[in-house]
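A.B. asks: Below are the structure tokens for one structure; questions will follow.
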Amino acid sequence: MGTSYSILLHTHELLITLYMLVFTVKLVLLLLNNTAALANFRKRTKVIGEIILPSLFLISGIVLAVMSKTGFGDTWFLIKMCLIALSVGTGIATFNKNSKALGIVTFLIFVYVIMLSYIKDPGLKKPPTPVVENVITDPNVPGYDVVKHGLSVYINSGCNTCHGADGK
């Protein structure tokens, strides 16, 4: 993927973070029964927090899936999209009905979806870390393999947990 994909991915993550921040503030105010503060906060953040941020993070997520060319075929991605659609509905209902239970369920769905995005497994099981054995790290030693050395650094530094085995 290129720089544009990376920029869009980071923008997407920022949009989700901002949306979750707004949602969490509203949920805390709801849970604390502070209806006046909740109404005031919703009034001040309605356009940005309830229309612009969710629209932009949904659009950027779909564009990222199209750019990756693999997103739509993965089970984890389809589950994530269904849960996002569900959480949009429950999120709207949470504050229209002032339902604390629905708010907590929606928050937990969001947290699960965010975790699913990073782990890419519906069961949230981290994939086993591949092991690169017998790596010679000194370029002056006979048998040194720069590719094997680079792969071991990539895996041992944890880069593969976000970028996958293929480096995407």
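A.B. asks: Any chance segment 73-85 includes a residue that's surrounded by 12 or more Cβ atoms within 10 Å (Cβ to Cβ), touching a Ser or Thr at 6+ places or on another chain (Cβ under 7 Å) and over 18 Å from G103 (Cα atoms)?
C.D. replies: Yes - at least one qualifying residue is present in segment 73-85.
A.B. asks: Moving on. Keeping to segment 100-114, report how many residues are free of Cβ contacts under 8 Å to residues at least 60 places away in the same chain and either open to solvent by 40 Å² or more (accessible area, probe 1.4 Å) or over 14 Å from the mean Cα position of the chain (by Cα) (or both).
C.D. replies: 6
A.B. asks: Name the residues in segment 12-60 that are touching a Ser or Thr at 6+ places or on another chain (Cβ under 9 Å) and open to solvent by 60 Å² or more (accessible area, probe 1.4 Å), would you?
C.D. replies: Within segment 12-60, just L56 meets the criteria.
A.B. asks: Which members of segment 82-98 meet the condition of being within 15 Å of R42 (Cβ to Cβ), small (G, A, S) and in contact (Cβ under 8 Å) with a residue 12 or more places away in the chain?
C.D. replies: Correct list: G91 only.
A.B. asks: Go through segment 138-168 residue by residue and tally those that are at pLDDT below 80 and outside any helix (DSSP H, G or I).
C.D. replies: 7
A.B. asks: To continue, here is another question. Confirm whether A65 is modelled with pLDDT under 85 and farther than 22 Å from H163 by Cβ.
C.D. replies: When the stated conditions are applied, A65 does not pass them.
The values are calculated or read from the model by the stated rules, or taken from the named source; none is laboratory data. Since we're looking at a predicted model, the values are computed, not measured. Using ideal geometry, Cβ is built from the backbone for each residue, glycine included, and neighbour counts are taken over all protein chains shown. Just so you know, the surface numbers come from the protein's heavy atoms only, side chains and all, with ligands and any DNA or RNA stripped out. Shrake-Rupley method; radii C 1.70, N 1.55, O 1.52, S 1.80 Å.
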